[in-house]
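The structure under discussion appears below in the form of structure tokens.
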Amino acid sequence: AQSVTQLGSHVSVSEGALVLLRCNYSSSVPPYLFWYVQYPNQGLQLLLKYTSAATLVKGINGFEAEFKKSETSFHLTKPSAHMSDAAEYFCAVRKNSGGYQKVTFGIGTKLQVIP
Amino acid sequence: GAGVSQSPSNKVTEKGKDVELRCDPISGHTALYWYRQSLGQGLEFLIYFQGNSAPDKSGLPSDRFSAERTGGSVSTLTIQRTQQEDSAVYLCASSFGQGALEQYFGPGTRLTVT
């Protein structure tokens, strides 16, 4: 079964500090991996995606993620947290299942940014 | 339209009543997904429509849940005889074809069953 595991349902960082949100995946084949962000009372918005073109993926709002096959990880980072980064972040993996492109999401990590 | 829209934004219903949730996908998007977001549970896949193909209903939690998509556009998720455990945010997403990587999400419908 294909899945993602997000370590830490809540993460707090100080404004200006490094943001690190962890995601590990399990997949028998090279996956497509995604990070989505959800601001309060809104739907999810794509931050970035990995499609095997490059292991370091840059997304919107200064976020980036690195695909590490040896560690089966796709952690999300941002060098300096901003108050506007406070949101919930979801890691997701997609595979072809029975002819359908099925996306499985992690449980999410709520990021709190402390002034 | 500019994005995926969902209605109503909030719905409060009594246990045992039926509810219908609506999703208007982005024009031209052939793929449409429904998810349920419960506190601490992440996003739970419910159902997936792709063009005129038979939908993938593998995520529907019980036979009280059903969904249809008319004319390859608007979709309605129906929950019959609602239970308190159905309380959640129901999210709809669409994408441009089965191969498209990005899903565009609507703002969701918050369902509260009292």
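The values are calculated or read from the model by the stated rules, or taken from the named source; none is laboratory data. From a predicted model like this one, the values you see are computed outputs, not experimental measurements. Cβ placement follows ideal geometry from the backbone for every residue including glycine, while neighbour counts extend to all protein chains displayed. Protein only, heavy atoms only, side chains kept; ligands, DNA and RNA dropped before computing areas. Shrake-Rupley method; radii C 1.70, N 1.55, O 1.52, S 1.80 Å.
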Which of the numbered conditions does A:Ala86 fail, given that it passes all the others? Conditions: (1) modelled with pLDDT under 90; (2) more than 30 Å from B:Ala54 (Cα to Cα). (1)
When the residues of segment A:87-115 are filtered to those that are open to solvent by 40 Å² or more (accessible area, probe 1.4 Å) and aliphatic (A, V, I, L, M), which remaining residue is nearest to the other protein chains (Cβ to nearest Cβ)? A:Ile107
Taking A:Ser3, is it in contact with a Ser or Thr (Cβ under 7 Å, 6 or more places away or on another chain), on the phi < 0 side of the Ramachandran plot and at pLDDT below 90? yes
Every residue in segment A:2-15 that is assigned to a loop (DSSP other than H, G, I, E, B) and open to solvent by 70 Å² or more (accessible area, probe 1.4 Å), please. A:Glu15
Identify, by number, the condition in (1) in contact (Cβ under 8 Å) with a residue 12 or more places away in the chain; (2) open to solvent by 30 Å² or more (accessible area, probe 1.4 Å) that B:Ser53 doesn't meet. (1)
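Of the residues A:Leu18, A:Leu46, A:Leu56, which is free of Cβ contacts under 8 Å to residues at least 24 places away in the same chain and either of a type in the set (Lys, Arg) or open to solvent by 30 Å² or more (accessible area, probe 1.4 Å) (or both)? Talk me through it step by step, then tell me what you get.
Working: A:Leu18 fails: free of Cβ contacts under 8 Å to residues at least 24 places away in the same chain; A:Leu46 fails: either of a type in the set (Lys, Arg) or open to solvent by 30 Å² or more (accessible area, probe 1.4 Å) (or both).
It is A:Leu56.
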From A:Lys95, A:Lys110, A:Lys49, which residue is modelled with pLDDT under 90 and either over 11 Å from the mean Cα position of the chain (by Cα) or in a strand (DSSP E or B) (or both)? A:Lys95
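Out of A:Thr51, A:Thr55, which single residue is among the β-branched types (Val, Ile, Thr) and facing chain B (nearest Cβ under 10 Å)?
Values: A:Thr55 fails: facing chain B (nearest Cβ under 10 Å).
Exactly one of A:Thr51, A:Thr55 is among the β-branched types (Val, Ile, Thr) and facing chain B (nearest Cβ under 10 Å), namely A:Thr51.
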Scan segment B:71-92 for residues that are farther than 10 Å from B:Leu21 by Cβ and either polar (S, T, N, Q) or more than 14 Å from chain A (Cβ to nearest Cβ) (or both) and jot them down. B:Gly71, B:Gly72, B:Ser73, B:Val74, B:Gln80, B:Arg81, B:Thr82, B:Gln83, B:Gln84, B:Glu85, B:Asp86, B:Ser87
